[in-house]
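Novice: Below: one structure in structure tokens.
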Amino acid sequence: MMIRIFTAVLLIVVVIMGFKQGIAMFNGNEVVLEMFGKFNFSRFWVKVLGGLTILAVIMVLFPQTYVVGNVLMASLILLILCLQLSIMDIRGAMIEVPFLLMNLALIYFQYPTVKK
């Protein structure tokens, strides 16, 4: 029972944070554009990544697409982590690790309201 509550709280946190980040990317927030500018991403590709992030968040909300949404979100976080490492920004890459671990934990614990 405690694991389901923990998973539900973690799911809510991931959805809120993912939606907030996806909206910031899609709207072209200056901080986000500056970060992706280091990787030579145009405004268009930042919007595409923001749209994919929002899509992943929506997919996480439904039990049928829960795992696919988490995998998509984790892969987007891993992409950012690898891009940070490619420019030798270790601090930026380490900031992404907890977010990646949250999505992997959600995959491991499965959807909180589905009976096992």
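Novice: State which residue is surrounded by the most Cβ atoms within 10 Å (Cβ to Cβ) when the search covers only region 75-106 and only residues that are of a type in the set (S, T, N, Q) and closer than 30 Å to Arg4 by Cβ.
Specialist: Per the criteria, the residue is Asn103.
Novice: With surrounded by 15 or more Cβ atoms within 10 Å (Cβ to Cβ), more than 17 Å from the chain's Cα centre (by Cα), farther than 21 Å from Lys115 by Cα and hydrophobic (A, V, I, L, M, F, W, C) as the only criterion, which of Phe19, Phe26, Phe41 stands out?
Specialist: So the residue among Phe19, Phe26, Phe41 that is surrounded by 15 or more Cβ atoms within 10 Å (Cβ to Cβ), more than 17 Å from the chain's Cα centre (by Cα), farther than 21 Å from Lys115 by Cα and hydrophobic (A, V, I, L, M, F, W, C) is Phe41.
Novice: Against the definition (in contact (Cβ under 8 Å) with a residue 24 or more places away in the chain, closer than 21 Å to Ile16 by Cβ and in contact with a Leu (Cβ under 7 Å, 6 or more places away or on another chain)), how does Leu61 come out, yes or no?
Specialist: So Leu61 does not fit the description; no.
Novice: Scan (1) in a helix (DSSP H, G or I); (2) over 17 Å from the mean Cα position of the chain (by Cα); (3) β-branched (Val, Ile, Thr) for the single condition Ile12 breaks and write down its number.
Specialist: Looking at each condition in turn, Ile12 falls short on (2).
For (1) closer than 23 Å to Gly37 by Cα; (2) in a loop (DSSP other than H, G, I, E, B); (3) more than 13 Å from the chain's Cα centre (by Cα), each residue gets a yes or a no:
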residue	(1), (2), (3)
Met59	no, no, no
Asn70	no, no, no
Ala74	yes, no, no
Leu79	yes, no, no
Leu85	yes, no, yes
Ile95	yes, no, no
Phe99	yes, no, no
Asn103	no, no, no
Leu106	no, no, no
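Novice: Looking only at region 6-25, which residues are touching a residue at least 12 places away in the same chain (Cβ under 8 Å) and either β-branched (Val, Ile, Thr) or farther than 19 Å from Val46 by Cα (or both)?
Specialist: Passing the criteria: Phe6, Thr7, Ala8, Leu10, Leu11, Val13, Val14, Val15, Ile23.
Novice: Read through the list (1) farther than 30 Å from Lys115 by Cβ; (2) of a type in the set (Gly, Ala, Ser); (3) modelled with pLDDT of 95 or more, then give the number of the only condition that Gly92 fails.
Specialist: For Gly92, the exception is condition (3).
Novice: For region 1-16, what are the residues that are over 19 Å from Gly51 (Cα atoms) and surrounded by 16 or more Cβ atoms within 10 Å (Cβ to Cβ)?
Specialist: Answer for region 1-16, where residues must be over 19 Å from Gly51 (Cα atoms) and surrounded by 16 or more Cβ atoms within 10 Å (Cβ to Cβ): Thr7, Leu10, Leu11.
Novice: I'd like to know if region 41-56 contains one or more residues that are within 22 Å of Phe109 (Cβ to Cβ), of a type in the set (A, V, I, L, M, F, W, C) and touching a residue at least 60 places away in the same chain (Cβ under 8 Å).
Specialist: There is no residue in region 41-56 that is within 22 Å of Phe109 (Cβ to Cβ), of a type in the set (A, V, I, L, M, F, W, C) and touching a residue at least 60 places away in the same chain (Cβ under 8 Å).
The values are calculated or read from the model by the stated rules, or taken from the named source; none is laboratory data. Everything numeric here is computed off the predicted structure, so don't read it as measured data. For neighbour counting, all protein chains shown are included, and Cβ atoms are generated from backbone atoms with ideal geometry for every residue, glycine included.
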